[in-house]
């Protein structure tokens, strides 16, 4: 007897091996049920395999476009060939392309788009093209669902772009808490003195080197912090267009020996064991996986109020200091307060991370997929 065909799910991302959105897509590919779905993953702007390790049961397609916007015809050909029952797109500029092409998809194909930033803040501060607001308003209505990371993000999309509430759903980012803690335990076993008793506090920040991530604010704050903690150092894990400007700023502030630009780090868990404190200095954010992974590792956290979602998550949490405003002095004050109160190597059992456990998040995504596919069948 022939078994019924599993629904075909196509995950879309510009490339793998990058930041939080790419990590979420990879975790979904690894975690979504093989028994329930036939899984495909397409990287639009990636020619060669790198980054996340995907299971053999996931069919990977590399479209090899120079940029996302150049991948329209290749993406349309792929969708026509694969005939997915559902497409899940993972980043805003790719979402626009997918929704532009949707009228040319097979009629049965459902489309979910994942919003990975607070849209209103990105429009105000992100230097986005003038037509971006119109794209949000016109195109997001074509999605069957818009997946947001926090209730505040969903409210923002609804208010700013008049997207119907029925199309919005809040799902937790998947975080591999067990995997992070297992790798961290191994790292600590191999280097038990990683904290270095005689060394100063080590700050850690993770993210793309771009203006919205606020690393310029963090460098200014570090210069102030070193007046009280002269041995304090900072590691920034990430790459991006602002690297030259940040390097010049660190020199101007006299921080050459106190800061290390580590470049892209495939597994930031390798940075956690030696860190005294994780710092989120972003001007605006959705809900970055770097923050959640640092929390899973138990790191103390200092954060700027980069979005209402971050404020709602972190306010009043033990082991967390949340600044009252987005500025270098506010960041410095909170870093100093944290360093004065922390014991060397101190870690926290951040309870708020539990709702992001991989198994919970995957189950929530599967429930959404099944619900949307069920609407199609009816």
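The values are calculated or read from the model by the stated rules, or taken from the named source; none is laboratory data. No experiment lies behind these values; they were computed from the predicted model shown. Cβ placement follows ideal geometry from the backbone for every residue including glycine, while neighbour counts extend to all protein chains displayed.
Would you check if residue 204 is outside the structural domain of residue 114 (by TED's automatic domain parsing), within 30 Å of residue 246 (Cβ to Cβ), in a loop (DSSP other than H, G, I, E, B) and within 20 Å of the chain's Cα centre (by Cα)?
No; evaluated as a whole, the condition is false for this residue.
Every residue, every condition in (1) at pLDDT 90 or above; (2) under 24 Å from the mean Cα position of the chain (by Cα), yes or no:
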residue: 75; (1), (2): yes, yes
residue: 80; (1), (2): yes, no
residue: 98; (1), (2): yes, yes
residue: 140; (1), (2): no, yes
residue: 161; (1), (2): no, yes
residue: 169; (1), (2): yes, yes
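Given the condition more than 23 Å from the chain's Cα centre (by Cα), over 27 Å from residue 166 (Cβ atoms) and at pLDDT below 85, answer yes or no: does some residue in segment 16-29 qualify?
No, segment 16-29 has no match at all.
Being surrounded by 21 or more Cβ atoms within 10 Å (Cβ to Cβ), touching a helix residue (DSSP H, G or I) at 6+ places or on another chain (Cβ under 8 Å) and without any contact (Cβ under 8 Å) to a residue 40 or more places away in the chain narrows it down to one residue among 113, 58, 98, 87; which is it?
The conditions single out 113.
With over 15 Å from residue 234 (Cβ atoms), without any contact (Cβ under 8 Å) to a residue 40 or more places away in the chain, crowded, with 23+ Cβ neighbours inside 10 Å and under 21 Å from the mean Cα position of the chain (by Cα) as the only criterion, which of 291, 304, 287 stands out?
Step by step, each of 291, 304, 287 is checked, and only 291 is over 15 Å from residue 234 (Cβ atoms), without any contact (Cβ under 8 Å) to a residue 40 or more places away in the chain, crowded, with 23+ Cβ neighbours inside 10 Å and under 21 Å from the mean Cα position of the chain (by Cα).
Looking at the structure I just gave you, is residue 255 buried (at least 16 other Cβ atoms within 10 Å of the Cβ) and in a loop (DSSP other than H, G, I, E, B)? Spell out the reasoning first.
On the way: buried (at least 16 other Cβ atoms within 10 Å of the Cβ): yes; in a loop (DSSP other than H, G, I, E, B): yes.
In short, yes.
Please work out if residue 247 is outside any loop (DSSP other than H, G, I, E, B) and within 22 Å of the chain's Cα centre (by Cα).
When the stated conditions are applied, residue 247 does not pass them.
Considering each residue of segment 79-124, count those that are under 30 Å from residue 306 (Cα atoms) and in a loop (DSSP other than H, G, I, E, B), and give that number.
Residues flagged as under 30 Å from residue 306 (Cα atoms) and in a loop (DSSP other than H, G, I, E, B) within segment 79-124 amount to 6.
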